[in-house]
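Report on one structure; see the data block that follows.
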Amino acid sequence: HNAGYSNVSRFDVVATSVARYMFDIADWNNSRWIVPLGSSGHPGSKNYADQGYLWKDDKVIKMQYSWDVITKNYQLQILKKK
């Protein structure tokens, strides 16, 4: 675990990784992840801050690795040209 610390107060952690990943190499579709905000970096997206409460409560979201699982659960989003 890598973390930053303050020189002013030797033991205060001031920066650390916030994303959490759990990989199940026996079943990749059983892997999990979570980030403190959301899966989108776009402020207008519904997924911009949808993981905050889960992250705070130490919950995780199931990853999708196999193509059949991905195609069964995907959501199409069409972006229009400006």
Ranked by Cβ crowding within 10 angstrom, fewest neighbours first, how are MET63, MET22 ordered? MET22, MET63
Please identify every one of the trypsin sites (Lys or Arg not before Pro) in the range 21-59 that sits in a loop by DSSP and has no more than 13 other beta carbons within 10 Å of its own beta carbon. LYS46, LYS59
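Where a number appears in this text, it was derived from the coordinates with a stated rule and is not lab data. The structure presented is a predicted model; accordingly, all values stated were derived computationally and were not measured. As a convention, Cβ positions derive from the backbone with ideal geometry for all residues, glycine included, and neighbour counts pool all protein chains shown.
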